[in-house]
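**Q** The structure under discussion is supplied below as structure tokens; questions concerning it will follow.
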Amino acid sequence: MAPVASAADSTTYLAGVTKGGDVAAGGGRVFVAADNQIVVADAQGALTGAVTGLSGALGLAMAPDGTRLYAALSGSNEVAEIDTAALTITRRIDLAAYPCPSNLSLSGDRLWVGYGCRFTAGGGVLSLDLSATAPEPVTVGVGTYSAPLVAAAGNTLVVGETDINPSDLMVYDVSVTPATLRGEIDGHTYNQGFLNDLAITPDGSMVISVFGSPYQYDGWDTTSLTKIRTYGAEPTFDGYPNAVALSPDGSHVAGGRSPALGAGVALYDTVTAAKTYTNDSSVGEPVAGSLTFSGNDLFSVLKQPSTGRLYLWRLHGATLPASTLTLTAPSSATVLEPFTMTGQLTPANGSAPGTQPLVVTRQLLPNGPSTTLAGVTTAADGKFTVTDTPPAAGNFRYKALWDGSSDSRWSTAVTTISVAKRHPSLTLSGPATGTVGEQLQFSGALDAAGQAPPPGTSLKVHRTVSTDAGTVTTALPAVTPASDGSFSFADTPAESGQYTYTVWWAGNAMFSSVYASHDVTVQGEAG
């Protein structure tokens, strides 16, 4: 499935990828950790290449300027530094003594690494000073079971145990070396389940956890170690939270959910916890931990449960306030006759948008091809009209799409209109009486509602004879009308009786069927 070329969300199939890990964005690109490679896409979600020669790529961390990407390689026990422009590995940092590096968090020049093979004791956290030519690992805290999640910012490091139920969070002060433990957020106290993901505010003052229970995203003060905010505590169960991300400016919290009731993403205001945006996917469910911001967009990896296929999901303009687009069509139309639709574009702030280009498409339902109508723009006040001449009969869906702006999220409007076939007319004339054995001549005309008959038009001809012995209907050779619709044919009656000649056209996608009949009384025999 290719990404949508213009605005709107896109879902791109990651062909050949069987394991989806972390997602990071920077330098106008999006990166997906995928075991033996890192898949690369552009800012619109279209795949552009890959970084290969990797072993067990899991966690990713992007430098703030987008020039360098760091990847935890659990298979080769390394951290790779990648030039995001050239897509080349500029250095490999050996972590042979720290098996299965899996999770990363970058704060300033210090990279924090959660290492440890799954379901195995001896995991832990180390830091690397990336400003050094040959960074030396510095361990933090005590050992863990499996590789812990890490989230670092400011003077704070949060370490979250995984594969343990309930999980704990350990908070460290990293303003001094070695790092000192501020305290622990006890999973037993808060009845938490397995830890799925962590995110931390840019100043390090709050960490947001995604535990198996309760079904919400919790914000913890990293100084007092108390819960200060809750995101997504829905009145009814809305799926299992499994991913969280904070926008680079710290103003938006994104949360991913896997089914029960639906699979999708919601955005919340970091300060008020108010929900600002939701989007559900019919393709698959977000992979745990796979959320990242890219400008005003949000990216995630989706997994299709029925096939195991992985997709890159782009939510375009997710952080922007919503605009409104309407499109209104008449209740019905007729094929080959123009009709007009009207609409209105209103930006998020309610102001006049000025002249804005729109993309308007027409599709014959249920699954006909989509055709783009040319030259649709709004007036300065946001109003617009669309005139179209439907090429066939049936139910047509018209979709208007606005690409959005730096201040308003893209929007779309859809309307459906029933298009009726045109009604042609058919005439047939001939003699009123005839004699057995003498040829009868007939003529007529097909008027395709003012149009020439479509190429290949064929008219069926039937003869019905009623006598004392009964009624018999016989198909005669079909006739083809001339370009002006006229046609003629002849028949020679073989017995006396009441004859009815019927000419019938089945119509096509534009015209309804039509028929005409003519009666002839046939008597005696030719003298």
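The values are calculated or read from the model by the stated rules, or taken from the named source; none is laboratory data. Since the structure is predicted, the reported quantities are computational estimates derived from the model, not experimental observations. Here Cβ is always computed from backbone atoms with ideal geometry, including for glycine, and neighbour counts include all displayed protein chains. Note: areas computed on protein heavy atoms with side chains; ligands, DNA, RNA excluded. Shrake-Rupley method; radii C 1.70, N 1.55, O 1.52, S 1.80 Å.
**Q** Checking residue 268 against (1) more than 30 Å from residue 420 (Cα to Cα); (2) over 18 Å from the mean Cα position of the chain (by Cα); (3) in a loop (DSSP other than H, G, I, E, B); (4) not polar (S, T, N, Q), which single condition isn't satisfied?
**A** Result: residue 268 fails condition (3) only.
**Q** If you scan region 166-198, which residues turn out to be aliphatic (A, V, I, L, M), in contact with a Lys or Arg (Cβ under 9 Å, 6 or more places away or on another chain) and assigned to a strand (DSSP E or B)?
**A** 170, 171, 185
**Q** Same structure, new question: Which residues, taken from region 359-380, are assigned to a strand (DSSP E or B) and open to solvent by less than 20 Å² (accessible area, probe 1.4 Å)?
**A** Hit for region 359-380 is 360, nothing else.
**Q** For a quick check of your reading of the model, give me the residue pairs whose first member lies in region 97-115 and is touching a residue at least 40 places away in the same chain (Cβ under 8 Å) and under 15 Å from residue 69 (Cα atoms), whose second is among the hydroxyl-bearing types (Ser, Thr, Tyr) and assigned to a loop (DSSP other than H, G, I, E, B), with beta-carbon atoms closer than 6 Å and at least 6 apart or on different chains.
**A** 102/74
**Q** From the residues in region 282-315 that are under 29 Å from residue 358 (Cβ atoms), in contact (Cβ under 8 Å) with a residue 24 or more places away in the chain and not in a strand (DSSP E or B), which one is least open to solvent (accessible area, probe 1.4 Å)?
**A** Taking region 282-315 and keeping what is under 29 Å from residue 358 (Cβ atoms), we get 282-283, 293-300, 302, 311-315.
Now drop any that are not in contact (Cβ under 8 Å) with a residue 24 or more places away in the chain, which leaves 283, 293-300, 302, 311-315.
Narrowing the set further to residues that are not in a strand (DSSP E or B) leaves 283, 295-296.
Numbers: 283: 27, 295: 66, 296: 65 Å².
Here the residue is 283.
**Q** Within region 38-47, is even one residue modelled with pLDDT under 95, more than 19 Å from residue 287 (Cβ to Cβ) and open to solvent by 50 Å² or more (accessible area, probe 1.4 Å)?
**A** Yes, region 38-47 has at least one match.
**Q** Kindly provide the set of residues from region 222-245 that are open to solvent by less than 30 Å² (accessible area, probe 1.4 Å) and at negative phi, ordered by number.
**A** Those that are open to solvent by less than 30 Å² (accessible area, probe 1.4 Å) and at negative phi: 222, 231, 241, 242, 243, 244, 245.
**Q** Is it true that residue 208 is touching a strand residue (DSSP E or B) at 6+ places or on another chain (Cβ under 7 Å) and open to solvent by 10 Å² or more (accessible area, probe 1.4 Å)?
**A** In short, no.
**Q** Would you say residue 111 is open to solvent by 30 Å² or more (accessible area, probe 1.4 Å) and part of a strand (DSSP E or B)?
**A** No, not satisfied.
**Q** Can you pull out the strands (runs of 3 or more DSSP E) entirely within region 1-70 that have at least 3 residues that are under 16 Å from residue 313 (Cα atoms)?
**A** Where strands (runs of 3 or more DSSP E) fall fully within region 1-70 and carry at least 3 residues being under 16 Å from residue 313 (Cα atoms), they are 10-13, 23-26, 29-33, 38-42.
**Q** Let me ask something else. When you go through (1) among the charged types (D, E, K, R); (2) surrounded by fewer than 17 Cβ atoms within 10 Å (Cβ to Cβ); (3) farther than 27 Å from residue 40 by Cα one by one for residue 168, which number turns out not to apply?
**A** Unmet condition: (2).
**Q** Within region 272-281, track down each residue that is open to solvent by 70 Å² or more (accessible area, probe 1.4 Å) and polar (S, T, N, Q).
**A** 272, 276, 278
**Q** Inspect region 260-271 for any residue being β-branched (Val, Ile, Thr), under 11 Å from residue 291 (Cα atoms) and at pLDDT 95 or above and give the result as yes or no.
**A** no
**Q** Report every pair of residues separated by at least 6 positions or lying on different chains whose Cβ atoms are under 6 Å apart, first residue within region 470-487 and polar (S, T, N, Q), second at pLDDT 95 or above.
**A** 473/462; 473/464; 474/463; 480/458; 486/445
So that you can scan it fast, the table gives a plain yes or no per residue for (1) among the small types (Gly, Ala, Ser); (2) at pLDDT 95 or above:
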{"site": "442", "(1), (2)": "no, yes"}
{"site": "448", "(1), (2)": "yes, no"}
{"site": "471", "(1), (2)": "no, yes"}
{"site": "501", "(1), (2)": "no, yes"}
{"site": "508", "(1), (2)": "no, no"}
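**Q** Sticking with this structure for a sec: Among the numbered conditions (1) open to solvent by 50 Å² or more (accessible area, probe 1.4 Å); (2) assigned to a strand (DSSP E or B); (3) hydrophobic (A, V, I, L, M, F, W, C); (4) farther than 23 Å from residue 178 by Cβ, tell me where residue 82 comes up short.
**A** Result: residue 82 fails condition (1) only.
**Q** A follow-up question, please. Taking region 381-421, which residues are under 19 Å from residue 368 (Cβ atoms), touching an Asp or Glu at 6+ places or on another chain (Cβ under 9 Å) and open to solvent by 20 Å² or more (accessible area, probe 1.4 Å)?
**A** The answer is 389, and nothing else.
**Q** What pairs come out if I take residues in region 168-191 that are among the basic types (Lys, Arg) and pair them with residues that are assigned to a strand (DSSP E or B) whose C-beta lies under 6 Å away, six or more apart or interchain?
**A** Listed by first residue and then by second, the contacts come to 182/171; 182/173.
**Q** Now for a different question. Looking only at region 429-449, decide whether some residue is among the β-branched types (Val, Ile, Thr), within 30 Å of residue 391 (Cα to Cα) and either open to solvent by 50 Å² or more (accessible area, probe 1.4 Å) or in a loop (DSSP other than H, G, I, E, B) (or both).
**A** no
**Q** Only one residue in 363, 356 is modelled with pLDDT of 95 or more, over 17 Å from residue 421 (Cα atoms) and not β-branched (Val, Ile, Thr), so which one is that?
**A** Testing whether each residue is modelled with pLDDT of 95 or more, over 17 Å from residue 421 (Cα atoms) and not β-branched (Val, Ile, Thr) leaves just 356.
**Q** While we're looking at this one, here's another question. If you scan region 336-354, which residues turn out to be open to solvent by 60 Å² or more (accessible area, probe 1.4 Å) and assigned to a strand (DSSP E or B)?
**A** Across region 336-354, the qualifying residues are 340, 342.
**Q** Related question: Suppose we filter 472, 461, 465, 503 for residues that are outside any loop (DSSP other than H, G, I, E, B) and either under 30 Å from residue 390 (Cβ atoms) or of a type in the set (Phe, Trp, Tyr) (or both); which single one remains? Steps first, please.
**A** Details: 472 fails: either under 30 Å from residue 390 (Cβ atoms) or of a type in the set (Phe, Trp, Tyr) (or both); 461 fails: either under 30 Å from residue 390 (Cβ atoms) or of a type in the set (Phe, Trp, Tyr) (or both); 465 fails: either under 30 Å from residue 390 (Cβ atoms) or of a type in the set (Phe, Trp, Tyr) (or both).
The match here is 503.
**Q** Moving to a separate point now. Hey, can you tell me all the residues within region 384-414 that are within 19 Å of residue 356 (Cα to Cα), in a loop (DSSP other than H, G, I, E, B) and of a type in the set (Gly, Ala, Ser)?
**A** 404, 405, 406, 408
**Q** Within the group 318, 333, which residue is of a type in the set (A, V, I, L, M, F, W, C) and either assigned to a loop (DSSP other than H, G, I, E, B) or surrounded by fewer than 21 Cβ atoms within 10 Å (Cβ to Cβ) (or both)? Walk me through how you get there before you give the answer.
**A** Working: 333 fails: either assigned to a loop (DSSP other than H, G, I, E, B) or surrounded by fewer than 21 Cβ atoms within 10 Å (Cβ to Cβ) (or both).
Answer to the check: 318.
**Q** A follow-up question, please. Within region 119-139, is even one residue over 35 Å from the mean Cα position of the chain (by Cα), loosely packed, with under 13 Cβ neighbours inside 10 Å and within 16 Å of residue 177 (Cα to Cα)?
**A** First pass over region 119-139, keeping only residues over 35 Å from the mean Cα position of the chain (by Cα): 119-139.
Retained after the next criterion (residues that are loosely packed, with under 13 Cβ neighbours inside 10 Å): 119, 121, 131-134, 136.
Then drop every residue that is not within 16 Å of residue 177 (Cα to Cα), which leaves 136.
Within region 119-139, one or more residues are over 35 Å from the mean Cα position of the chain (by Cα), loosely packed, with under 13 Cβ neighbours inside 10 Å and within 16 Å of residue 177 (Cα to Cα).
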